[in-house]
Every structure is written in C-alpha cells, then in structure tokens.
1. With the crude spin-label approximation of a point 7 Å out along Cα→Cβ, what separation in nm comes out for B:Ala10 versus B:Ala390?
2. Based on DSSP H runs of at least 4 residues, each adding -39500 (n - 2.57), what is the mean residue ellipticity at 222 nm of chain A after dividing by all its residues, to the nearest 500 deg cm²/dmol?
3. Cα-based Rg (one decimal) and Dmax (whole number) for the stretch A:106-176, in Å?
4. Just list whichever of A:Lys12/B:Lys83; A:Lys67/A:Lys113; A:Lys34/A:Lys136; B:Lys13/B:Lys81; A:Lys135/B:Lys127 have alpha carbons separated by over 32 Å in the model shown.
5. Rounded, prolate or oblate: which one fits the stretch B:243-366, using the alpha carbon gyration tensor with axes a ≥ b ≥ c (rounded when a/c is under 1.5, else prolate when a/b beats b/c, else oblate)?
6. Any idea how far the Cα center of the stretch A:1-77 sits from the one of the stretch B:412-443, in Å?
7. How large, in percent, is the carbon and sulfur part of the accessible surface of the stretch A:2-103 at a probe radius of 1.4 Å?
8. At a threshold of 8 angstrom on Cα-Cα distance, excluding pairs fewer than six apart, so keeping six or more, what relative contact order does the stretch A:96-162 reach in percent?
Amino acid sequence: MRNKLIAQRYSKAIILNMEKRLLDSLLEDTNSLKTIFSQDPSLIKSFDSFLYPLKKRIDLALDVADKLNNKNIWKNLFRILIKKHRFTIIPDILIELEENILDSRNQIKVSLKIAHEQTDKILNDIAEVIKDILKKDVILDVKIDSSIIGGFIAQTNSILIDGSIKNSLDRLVKIKK
Amino acid sequence: MKIQPDEISAILKDKINDFKFEFDIAETGKVVQVGDGIARIYGMDNVMAGEMIEFPGGVVGMALNLEEDNVGCIIFGETRKIKEGDIAKRTKKILQVPVGEAMLGRVVNSLGQPIDGKGEIKAKEYKPVERKALGVIQRQPVKEPLQTGLKAIDSMIPIGRGQRELIIGDRQTGKTAIAIDTIINQKDTDVVCIYVAIGQKKSSVAKIVKILEYHGVMDYTIIVMASASESASLQYLAPYTGCTMGEYFRDISKHALIIYDDLSKHAVSYRELSLLLRRPPGREAYPGDVFYLHSRLLERASKLNEELGGGSLTALPIIETQADDLTAYIPTNVISITDGQIFLNSRLFYSGVRPAINAGLSVSRVGGSAQIKAMRSVIGQLRVDLAQYAELEAFSKFGSELDKATQAQLLRGERLVEILKQGQYQPLPVAKQIFIIFMANEGFLDKIPVEEVQKVEEELFSTLDSEYKEFMGILIKDKITDETKDAMRKICEKVLTKF
C-alpha cells in the first residue's frame, strides 16, 4: 500500500514533466516494460540486489532504457530507483503511469467478466454501456467466467458495475427473504 | 379452479417481458489488510466517515479512518470471511439501526439484530447510529422527576427527565443494581427503558433479562448487548445504537431512560480500535478523542422543548473505578460531562449500607429543580446531616467523651443511614419515601433502637397501605402544608405506639 503511494508520486512527477505529445510514446514504453518485467520478475530483483555492484546494475538498467522511446526519462528513473534501493516498486509505477496516461486521454481500462465468448458487436455494445456510465472511453480486458451465468461484470480500480445474471438472482433471493 | 399450463407460461412470459435489467454500480476498494476486527482498504476515494462498507460474505463494516492512501474500517462480523485482495463496496449509507415500538421487549446486538431467539423484528424505521446532539434552541431545562424508587437517590440526588447522571464506583458496589431498580420502578409509568450492556458476561446479561421479565418490566425495555466475547467494534457501537433507539421515543414526545453499563469498558474497546487503526495514543494509551467519544454520546440525552413535543432521554452512564479513585482519566472525563454523579463506596457496601451511596461525594446538578415539591419540603438538611454524621462517626471512634449536641447528631445520623438502606429490586413509591424521611427528620425515630428502625419502617408502610391510601395520593400532589405535616405527625405517633 505504501509502495502504491510512492508509485503514484513518481508517476505524477513523470507525467508533469512530459510534453503532451510524448504521452503516446511513453505509454508504448510503459507497456514494453510491463511485458519485460512480467515475463521475467527476477530481473527486478537483480536490479535491486546488493549481490551485484551498483555501477553494474545502473549500467545494465541504462542499457535497457536506451532501447526505449523516451530514453532520458527512463534512465533518470532507473538511476534514482536503483540508488534508493526502490527498484521493486517499478511494477506499481508502470501501472500508475498507464492509468494516468489513459486518464489524460479520457480513457479507462476495464476488466470485463462475461460468462461465454461473445461477438465483437456485443462486446462493443457492452463497452458503450460502460462508457455511458463512466463517461470515459473504455479499453476492455475480457475474461471468461461461467459462474456469473450471463450478463457481465465490469471492474475498474474503484468502480464495480455488476450486470450479471448471478447478481440479479442474488437480488431476487434477497427480496424474497 | 384448475390452472392450465398455458396460462402459467403466459404469466411467466409477461414477467420476463416486464423484467428490467438493472446494473449494480458500486464504488469499490481492495482489502489490503484484515485482522483484529479492522480492515484497511485501498481505493474508495469518495467514502464518507462513518459510512457502511460491504464486504464479501455479507459482512458489514464502518469507515472510521480516512487516510491519504487507505481507509481504516472496523468490521461488525467475522473477519475470517474476508481475505486480502477482496473487493469492498461502498453503500453510501451511514450505519443505521432499526428503531421503534417493535424493539420493545427484545434483546438485540449492536446492529439492532435480535439475539433473543424470539424471531425477526419488524421495524418500520431505521435511524443512523451517529447523530448530532440537539442544539440549545430545541431543548428546555430539566423539570420533571425520574423516580428511581430508591430513597437515597430520590431524596438527596434527584434525577430529572433528560438529565445525565453518572453512577460511579468500584466493582461489586451495586452500580448495576441501581440501574435495574430504576428500570423496575418505571413500571406503570410512561418511560421506556434501554439497557446497554458493554463488555459484560453473557450470563450476567441473561440474569438481568430474567430479573426484568420476573418483575414484568421487559415489555417496555430494550436490551442492547455487546458482550465481552464480541469484537471491540461491536462494543464500541453498542451505546450509540441504544441511544438512537432512545432518541426515537424522545422525538415522538415520549420519555426514555438509557443505561450505559459501562462506559469504562466502552473506552477500553475504543482504545483497542484506535490502537489497531494506528491512531496516536495519549494518556493511558487512550486516543486523543476519548473525551469526544463520551461527550457526543451523552450530549444526545436531552429534554426537548414543548414545540418539539417535550419528550426526554435520560442517561445513566456507569463507570467502574479502581480502588475508589475518582481522579483517573475516564472517570474525570465522564464526571465533567454529566450533570452529577452517584458515588458508590465499597467501604459502605461492605459495612451493610446498601445502596452504598456516599452522600458527600454524590451530587445532582440539575435534578433539584425536577424534584417533586413534597419531597423537597421534607428532606430539609438530610444531605448535610448525613455528611456531618460521617465525619463525627470517625471522631467518635477515638472514644473521647462527646457533648450532648454531638451525641444527638450521631443518634440522628445512625437512624438516617438506617432508613436510607433499601433491598435490591424493591423500589419504593415516592409517597412512602417522603413519609419515612419525614419521620426520621422530625426525630420520631431517635428513641427507637437502630435495630428496630427497619421494623418501624415496615409497620409504617403497612399502616399507610391499609389505612391512608387516599392521603398518600394527595401527599405527592403539591408542597406539604403545615396541616399536612400535622396529619403526618399523628400517623407517625400512631405507628410508634406499637413499639
């Protein structure tokens, strides 16, 4: 939880120092890094480990940053995090960055649970419904969960939209009680 | 009449056509920590202080700490059902409990749910547990008496409807007994009683329920119980729940009496919660707002003005002291909030003076104006006499020779102490209280040996019951005139002829 708060601060600092036109490339970098670190979580530990000399770790991180669009920003961030022995919070910073960038574009990532595979048309319809409620463009992350029977459950960081058959039945049971 | 399958299908089809698909939209947060009756939730940016939070498995909590990055929440239920990472939902409602006539005669928990096995409570109304106390304009001074049925209290420390009178003393000094006697004495009056048991043994509460049922007073009583085995959060909530139930009756122009048994344990449960929520500890590790904890609760006791119906909520909080120490943190706090205190002394209790009220340290700051005129005209110097007796008694133990005046004071004092003794669960009508106090104050008992005083009292009461019922009815109506006093003297003399 504390990491989350620190990550929010780092993310805010990065966004404030970025030109708006560069936000798209920053999002691209963020997604690339998320993929790298999720594929090999031990990489994060290595960057934070005292087993390797500090200079070596920084050099390695700078090499990674060199491959990204916004080199300078990432280089500075990696250097600070490694020096402060805080590299483990990089996944939180990436999540916060993604959210903030999407927010600046009036977009939101929504985790959508549906009972069965649906056509693109239906998914688009659902996205429209959610957009009406959240007043933001929706980026769907679809998961299949047959336990909800039908309908959908959409979850953002702070809002839950439950339009599932399971919930309707639960409500019916409550009313009958 | 037979129903055709086609008809059933048609009805079902209609129902399906009418079905409105609704979304449940809730603001949520993620549980990041849970345990010891509290949970920390990440997210929920717009949550209100005191708002109900819904956890998976139907568990309910209340948001108490709104911090920069998380919400500290107390849980009213089993924390085992909640896991880290669970989604907690906002309800956008401040915690509410059922109120109303349907609650009478029931034993409920801190959430107003029945725990007496008598089935569901069909309450029509719900009210928030935390309500702001009424302002100055809505109130009026205490003016009607709330009779406890105890001679020592009704005469020396009178309680008015809408007053807050603290009952304070060590363990096993009869604090709860006074509260129970007061409830019993409300039989056949218009006062509804609420007994809030905080951190007590379930067996003790069961005993109280039995006593109240035995005396036929459970019908106008509500018991709110948060026993010692319940979580600190439920113990913290119990008095506010009881108060909300009492306020309902006050607001519909009725009179209610609420007993908080006891606020020491309430403060301890709040300390536990505060420490778990990582609020900074202060004196004796209590949080800084422990005064506000009790002041906001006790301020809700009030006497409404006539425009609002003139209802009242009288509060009798109980505080347990350690070794008669009135200067401890919580006792001094509650003493300063209340309109007086009844101090029970363990030395008096073990020397057989029951109720063990210390007349010198007990006081009622506003009840005097609510005391009935008849009582006021007979008590005279009762409190002063008793206080002087207590001092002289200590001197007399040195064995030095005493002058006549001192001896007379001691003699009178002994008898006054004797007449103020009273058995448990035997509240006395106010007219009888007036009569026996009059008898002692006028010196009728001075020649009676101390051991005989109880017998004289019994004889007096039986004479009054059998021969002077009408006179007793008139007695409490107004101030006692000289003629009435003469008549009372004659009755006293008549009783004493038998001794």
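1. The two pseudo-label positions are separated by 8.6 nm.
2. About -19500 deg cm²/dmol.
3. In order Rg, Dmax, the Cα atoms of the stretch A:106-176 give 12.4, 41 Å.
4. Violating the 32 Å limit, Cα to Cα: A:Lys67/A:Lys113; B:Lys13/B:Lys81; A:Lys135/B:Lys127.
5. Numbers: a/c = 2.31, a/b = 1.11, b/c = 2.07.
The shape class here is oblate.
6. 85
7. Numbers: 3180 of 5900 Å².
The computed percentage sits at 54.
8. On the way: 87 pairs, mean separation 28.6, N = 67.
Relative contact order comes out at 43 percent.
The values are calculated or read from the model by the stated rules, or taken from the named source; none is laboratory data. What you see is a predicted model; the values in this text were computed from it and never measured. Positions of Cβ are generated from backbone atoms using ideal geometry, with glycine treated the same way; all protein chains shown enter the neighbour counts. What goes into the accessible areas is simple: the full protein's heavy atoms, side chains included, and nothing from ligands, DNA or RNA. Shrake-Rupley method; radii C 1.70, N 1.55, O 1.52, S 1.80 Å.
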